[in-house]
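*Asks:* Before anything else, here's the structure in question.
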Amino acid sequence: MQFDHQHFKVLKDISAFSGIKRYRGMLPAKLAVFHNPDKVEELVDEECVERIVISLACGSERVMLKLTERGHELLEELLPIYEEDAKEGEQASGSGPDAEPQPATELTRAQCILLSDIYHYSKIHSFGGLMPADILEAYDPKDTSSLSGNGYLIHVKAEMGKGRKRKGVILSDKALQLLQHFNLVPASALSPSWKNPCG
């Protein structure tokens, strides 16, 4: 089967949730509604993604998506292909080394600090891999809104049982790449967490 950019985006989104302990390395299917369901189904048929149904004590069920070993391998195979496409797109749009600075480098100091803080809060074990929403409220909501709108933040809501919920934000790969560019996070920050289960 020929895998395309839409398949890649599904795999990448599922992988992005692998570091959230509360989700146990899985993406809630309801958060995949923005993807073409046929693409998701094809990945399941090709044994790259598992559809897991979790039965809760209250009797309800939750459908989750998880990458298989083959799915992880496929993501690594597709990554350089679509990274190259992105570079070609930048050159075609005049965003090479001699082009005007891109919005990614035009973030304010406060926004860069916020991204860095989110990264470090997400490493606190008790926060389950994200910056809690109540801590996020201490920052300028305009910065949060701008970073979310430009694809730097992913908003997460998790149900913890007994009516308890957890919500907050995690960084997108785009944000991690920016922080790495400014040497604000280690190179390993961009490594999939499934490769470093003790991290």
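The values are calculated or read from the model by the stated rules, or taken from the named source; none is laboratory data. Here the structure is a predicted model, which means the values were calculated and not measured. Counting neighbours? That spans all protein chains shown, and the Cβs are built from the backbone with ideal geometry, glycine included.
*Asks:* Look at E77 and say whether it is modelled with pLDDT of 80 or more and closer than 30 Å to L184 by Cβ.
*Replies:* Values: modelled with pLDDT of 80 or more: yes; closer than 30 Å to L184 by Cβ: yes.
When the stated conditions are applied, E77 passes them.
*Asks:* Within segment 155-163, identify whether any single residue is β-branched (V, I, T), at pLDDT below 85 and closer than 23 Å to Q6 by Cα, and answer yes or no.
*Replies:* At the first step, the residues of segment 155-163 found to be β-branched (V, I, T) are 156.
Filter once more, keeping what is at pLDDT below 85: 156.
This time we only want the ones that are closer than 23 Å to Q6 by Cα, so: 156.
Yes; the residues of segment 155-163 include at least one that is β-branched (V, I, T), at pLDDT below 85 and closer than 23 Å to Q6 by Cα.
Condition check ((1) assigned to a helix (DSSP H, G or I); (2) modelled with pLDDT of 70 or more) across all residues:
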residue: V10; (1), (2): yes, yes
residue: S15; (1), (2): yes, yes
residue: S18; (1), (2): yes, no
residue: F34; (1), (2): no, no
residue: D38; (1), (2): yes, yes
residue: V44; (1), (2): yes, yes
